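Structure record follows, encoded as structure tokens.
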Amino acid sequence: MDFLTNSWAFVNAFFGPMTPFAVFGLLGVYLILLALPVLFKKETDPFSKLQPAGRALAAKGKKDKEEVAQPKLRYDSGRKINLDKFKEYLEPQDEEELSAARLKLIQAGYRSKDAVRTMNFAKMVMGIGFMLIGILYVLIQPQTPGLMGVIMIIMIPAVIGYYLPIYWVERRLQQRQEDVTNAFPDALDLMLVCVEAGQSLDQAILRVAVEIRKSYPTLAEEFEIVANEMRAGKDRVTVLRDMAERCGVSDISAFVTVLVQSAKFGTSIAEALRVYASEMRDKRVMRAEEKANVLPTKLTVGTMMFTVPPLLIILVGPSIYDIYVNLLK
């Protein structure tokens, strides 16, 4: 009993008024760590015991051979973290939600099969990590804040850490879409030159991907995927629509619609490309004009904030000072 009393006195002297919260927090972390092995333990299927041992070993050996012989996917990353056993916890169980998450990550440039798991794992790790930083800050600061202050210090970093990967993916997606939009008019002009020179659409797409790789790597990567899928025997319409879905840009979707309609009605692809390339050039000029028209408004806000106050201080400041001095006299 004396040991418990002395221990509580020591902890109370170290943490101060926050001793109950610190004790309950450490106890909660300890219980979570104890429960994790039980949660993540994979239960064995009872029916697997009915299978003979010889057949099980043969099936296992055959599966190992298939895994060794199977080539790696092109967009599989080389990470060593295996999240397959946490699939139920790191992936949405709803197919619609899972498909939407995969599409968003593909549009942001993350095409690996475990991209959704990695994303959710990053959100969990960063949320818990930032929360631990907040707890550490509460423990080491000399003055202990109130209950609401402690909650805010702990929860705000946790929320920031949780949403930081989401913000990163959103910014990456917007940047890729902007790169595709800026590169598309030049790629269309080059594709029109290739088609008019006698190349087929498949050859023109591959040639454009090679030529614009250094200037516009994002669009070149999409064109390379289209060219490889066409060479693999996939239907051209399906490949083009997949590209429009991966990019998520309205210009690409309209371009795919133009090519599909041209192939459907038997019109010249070169003529369709010429008309659409002209429209894309006009659209790029309109975007530049729109940014130029918005610029004076932005400059006005900056001028009002950083130029007018110093000017007023220089012009009106001496007069106000003289009035103040005269009032004191």
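The values are calculated or read from the model by the stated rules, or taken from the named source; none is laboratory data. No experiment lies behind these values; they were computed from the predicted model shown. With ideal geometry, Cβ positions are generated from the backbone for all residues, glycine too; neighbour counts draw on all protein chains shown.
One table, with the values for the structure above:
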{"item": "Test: ALA101 is in the same structural domain as VAL275 (by TED's automatic domain parsing), within 26 Å of the chain's Cα centre (by Cα) and part of a helix (DSSP H, G or I)", "result": "no"}
{"item": "Unique match (being modelled with pLDDT under 85 and not basic (Lys, Arg)) among LEU90, LEU136, LEU105, LEU132", "result": "LEU90"}
{"item": "Filter pass, ALA272 being surrounded by 18 or more Cβ atoms within 10 Å (Cβ to Cβ), at pLDDT 90 or above and not assigned by TED's automatic domain parsing to the domain that holds GLN107", "result": "no"}
{"item": "Scan of region 291-322 for residues that are surrounded by fewer than 10 Cβ atoms within 10 Å (Cβ to Cβ) and hydroxyl-bearing (Ser, Thr, Tyr), ordered by number", "result": "THR297, SER319"}
{"item": "Qualifying residue in region 163-172 (condition: touching a residue at least 60 places away in the same chain (Cβ under 8 Å), surrounded by fewer than 17 Cβ atoms within 10 Å (Cβ to Cβ) and among the basic types (Lys, Arg))", "result": "yes"}
{"item": "Qualifying residue in region 193-211 (condition: closer than 18 Å to GLY109 by Cα and touching a helix residue (DSSP H, G or I) at 6+ places or on another chain (Cβ under 7 Å))", "result": "yes"}
{"item": "Test: residue in region 203-211 that is within 20 Å of SER278 (Cβ to Cβ), in contact with a Leu (Cβ under 8 Å, 6 or more places away or on another chain) and modelled with pLDDT under 90", "result": "no"}
{"item": "Criterion violated by PHE265 - all others in (1) closer than 30 Å to VAL195 by Cα; (2) outside the structural domain of ARG236 (by TED's automatic domain parsing) satisfied", "result": "(2)"}
{"item": "Failed criterion for ALA288 (all others in (1) loosely packed, with under 14 Cβ neighbours inside 10 Å; (2) within 26 Å of the chain's Cα centre (by Cα) hold)", "result": "(2)"}
{"item": "Residue pairs meeting the criteria (Cβ under 9 Å; at least 6 apart or on separate chains; first free of Cβ contacts under 8 Å to residues at least 12 places away in the same chain and in the same structural domain as LYS283 (by TED's automatic domain parsing), in region 246-258; second basic (Lys, Arg) and in a helix (DSSP H, G or I))", "result": "SER253/ARG241"}
{"item": "Residue check, VAL325 surrounded by fewer than 10 Cβ atoms within 10 Å (Cβ to Cβ), more than 42 Å from the chain's Cα centre (by Cα) and assigned to a helix (DSSP H, G or I)", "result": "yes"}
{"item": "Criterion (over 30 Å from ALA187 (Cα atoms) and assigned to a helix (DSSP H, G or I)) met by exactly one of SER253, SER319, SER278, SER262", "result": "SER319"}
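Okay, residues lined up against (1) farther than 30 Å from THR218 by Cα; (2) assigned by TED's automatic domain parsing to the domain that holds THR218; (3) buried (at least 19 other Cβ atoms within 10 Å of the Cβ); (4) among the small types (Gly, Ala, Ser):
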position	(1), (2), (3), (4)
ALA115	no, no, yes, yes
ILE128	yes, no, no, no
MET131	yes, no, yes, no
LEU136	yes, no, no, no
LEU139	yes, no, no, no
MET152	yes, no, no, no
ALA158	yes, no, yes, yes
